[in-house]
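Novice: Starting off with a structure, shown below.
The values are calculated or read from the model by the stated rules, or taken from the named source; none is laboratory data. Bear in mind the structure is a predicted one, so any value in this text is a computation, not a measurement. Because the Cβ atoms are built from the backbone with ideal geometry, glycine has one as well, and the counts that use them run over all protein chains shown.
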Amino acid sequence: MQNIPETVNSSIPDDFWLQIRNDYKLKPDYINLENGYYSMMAQPVLENYLNDIRRVNLEGSYYMRTVQYEERQKIKEQLATLVGCDSTELIITRNTTESLDTIIAGYKWTSGDEALMAEQDYGSMLDMFKQQAKRVGIINKMVSIPLNPTSDEEIVGLYEKAITPKTKLLMISHIINITGQILPVKKICDMAHRKGVEVMVDGAHAVAHFDFKINELGCDYYGSSLHKWLGTPLGAGILYVRKEKINNIWPLFGELAYADNDILKLNHTGTTTVACNIAIHYAIDYHSKIGIKRKEERLRFLQQYWTTKIKGVPKIYLNTPDDATRSCAIANVGITGIKPADLAKILLQKYKIWTVAIDSANVKGVRITPHIYTTTEELDQFVAALKEMAKS
C-alpha cells in the first residue's frame with residue numbers, strides 16, 4: 001500500500017480504493033457482503049502474522065518466557081492510543097464476548113439488583129445476564145430500540161424510563177450488530193451516571209469502524225473485537241475498565257499476583273495465541289496508514305451507495321435508520337414475503353452474494369456489511385438482485 005493521499009475528502013479517487021482492494025486476497029466464488037462477523041486480514045498483515053507464527057514456533061518456550069511480555073505491553077500501549085484510554089485500563093482478550101462476560105460474571109451482584117439492556121443486544125451477553133439471574137437472583141429488564149429513532153433523546157429517554165433505584169448496570173451497544181444503528185453512547189452514559197448507574201458498552205463493531213475515543217464516551221466498561229474492523233487474526237479483542245472501577249470486578253480465573261485495582265488481575269486466561277496478539281501491531285499499522293476518518297467516510301459511502309438505490313422500491317424495506325449519521329458500514333434489508341433465511345439462501349445460490357440472515361428482536365432481513373475493498377460494481381449487482389427478487 002503506497003502513495004496514500006494525506007488529506008481526507010469525499011473526492012478520493014476509486015483507484016485509491018482499488019489499490020486497497022489489491023491488498024486483499026478475495027475468494028472469486030461470491031461477493032462477500034458479510035464482513036461484520038470477521039473482516040479478513042489484508043495481505044501485509046497476514047504475511048507478517050505467518051512470519052511471527054514461525055518465529056514463535058522456532059523460539060518456543062524461550063519466546064514465551066522472555067520476549068512475549070515486552071511485546072505484549074508495547075501492543076497494549078498501541079491499542080490504548082488507538083482507542084483512547086490509558087494502558088492501565090486496558091487488557092487484550094480474545095473477543096467482545098469474553099470481555100463483557102468478564103464484567104457481567106465478575107460484577108458484585110446481590111439478589112434483587114437490576115440490570116438493564118435491549119433485546120437487540122448480542123445474545124451471548126444476554127445469556128450471561130440470564131445466568132446471573134439464575135445464580136445470584138438479579139433482575140434483568142429489557143427495552144426495545146426503535147429501528148428509526150426521531151432523536152437521541154428518544155433513545156436516552158427509553159433507557160431512562162426503565163431505570164429504578166435498584167438498577168446497577170446498564171448495557172448498551174455502541175453499534176447494534178443486527179441493524180447497524182449507532183447509539184448516542186455519551187448521552188446515555190451521562191444520563192445513567194446522574195442516576196448512579198454504571199454503563200457497559202458492547203463495542204464489538206465500533207473499533208476501527210468509525211472515529212471515536214473511549215475516554216470521551218464516559219462509560220465504565222467497554223469491550224470490542226479486533227478481528228472485525230481492525231483486521232487482526234481471529235482471537236483478538238479488548239476490555240476497557242475505568243480505573244476506579246477495576247477494584248469492583250472479581251476475576252473469572254484464579255489470579256493473586258496482582259492488586260485488586262490492577263486490571264491485569266482480569267487477564268489470567270492461561271497460555272494465549274501470542275502470534276495473534278503480535279499481529280495486532282501490523283493491523284494497527286495498516287489501519288493507521290489509511291486513517292480512521294478516511295476509512296469511516298468510505299464505509300459510510302458504500303452503505304449509503306446501495307441503500308439510497310433501494311429506498312422507495314416496492315416490497316423492499318430497510319431496518320437501519322434513515323439518518324446517515326446513525327449508521328456507517330452496516331445496514332439491514334428485507335423483502336416483503338421472503339423470510340430472511342430464504343433471502344440469504346437465494347442471494348448466495350442464485351446471485352453468488354454472501355450475506356447473513358437476521359430474524360430476531362423485531363428485525364427481519366439480511367445484514368449487509370461491505371468492507372473497504374468492496375467496489376460499487378459489486379453493490380450494483382446486489383441492488384439489481386434485490387430489485388429482481390422484489391418484482392418476482
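Novice: What number goes with the only condition from (1) in a loop (DSSP other than H, G, I, E, B); (2) not assigned by TED's automatic domain parsing to the domain that holds VAL67 that TYR305 does not pass?
Specialist: Result: TYR305 passes all but (1).
Novice: Could I ask something else about it? Among (1) of a type in the set (S, T, N, Q); (2) within 21 Å of GLU296 (Cβ to Cβ); (3) in contact with an Asp or Glu (Cβ under 8 Å, 6 or more places away or on another chain), which single condition is THR167 missing?
Specialist: Of (1) of a type in the set (S, T, N, Q); (2) within 21 Å of GLU296 (Cβ to Cβ); (3) in contact with an Asp or Glu (Cβ under 8 Å, 6 or more places away or on another chain), only one is false for THR167: (2).
Novice: Okay, moving on. Can you pull out the residues in the stretch 342-381 that are among the hydrophobic types (A, V, I, L, M, F, W, C) and within 30 Å of SER288 (Cα to Cα)?
Specialist: ILE353, TRP354, VAL356, ILE368, ILE372, LEU379
Novice: Related question: Looking only at residues that are among the aliphatic types (A, V, I, L, M) and touching a residue at least 12 places away in the same chain (Cβ under 8 Å) in the stretch 57-94, which one is nearest to PHE212 (Cα to Cα)?
Specialist: In this case the residue turns out to be VAL83.
Novice: Do any helices (runs of 4 or more DSSP H) entirely within the stretch 1-95 hold 1 or more residues that are touching a strand residue (DSSP E or B) at 6+ places or on another chain (Cβ under 6 Å) and at pLDDT 95 or above, and if so, which?
Specialist: It comes to 67-83.
Novice: Which ones in the stretch 115-133 are touching a helix residue (DSSP H, G or I) at 6+ places or on another chain (Cβ under 7 Å) and in a helix (DSSP H, G or I)?
Specialist: SER124, MET125, MET128, PHE129, GLN132 - these are the residues of the stretch 115-133 that are touching a helix residue (DSSP H, G or I) at 6+ places or on another chain (Cβ under 7 Å) and in a helix (DSSP H, G or I).
Novice: So, one more: Considering only the stretch 220-251, how many residues are surrounded by 24 or more Cβ atoms within 10 Å (Cβ to Cβ) and over 16 Å from the mean Cα position of the chain (by Cα)?
Specialist: Looking only at that region, the number is 1.
Novice: Of (1) crowded, with 17+ Cβ neighbours inside 10 Å; (2) over 10 Å from ILE178 (Cα atoms); (3) among the aliphatic types (A, V, I, L, M), ILE358 satisfies all except one. Which?
Specialist: Here ILE358 meets the rest and fails (2).
Novice: So is ASN215 modelled with pLDDT of 95 or more and either at positive phi or in a loop (DSSP other than H, G, I, E, B) (or both) or not? Show your work before the answer.
Specialist: Details: modelled with pLDDT of 95 or more: yes; either at positive phi or in a loop (DSSP other than H, G, I, E, B) (or both): no.
No, not satisfied.
Novice: Identify, from the list GLY196, GLY254, GLY180, the residue that is surrounded by fewer than 15 Cβ atoms within 10 Å (Cβ to Cβ), modelled with pLDDT of 95 or more and part of a loop (DSSP other than H, G, I, E, B).
Specialist: GLY196
Novice: Could I ask something else about it? Only residues that are in a helix (DSSP H, G or I) and either surrounded by fewer than 16 Cβ atoms within 10 Å (Cβ to Cβ) or small (Gly, Ala, Ser) (or both): list them for the stretch 134-159, please.
Specialist: Scanning the stretch 134-159 gives LYS134, ARG135, ASP152, GLU153, GLU154, GLY157.
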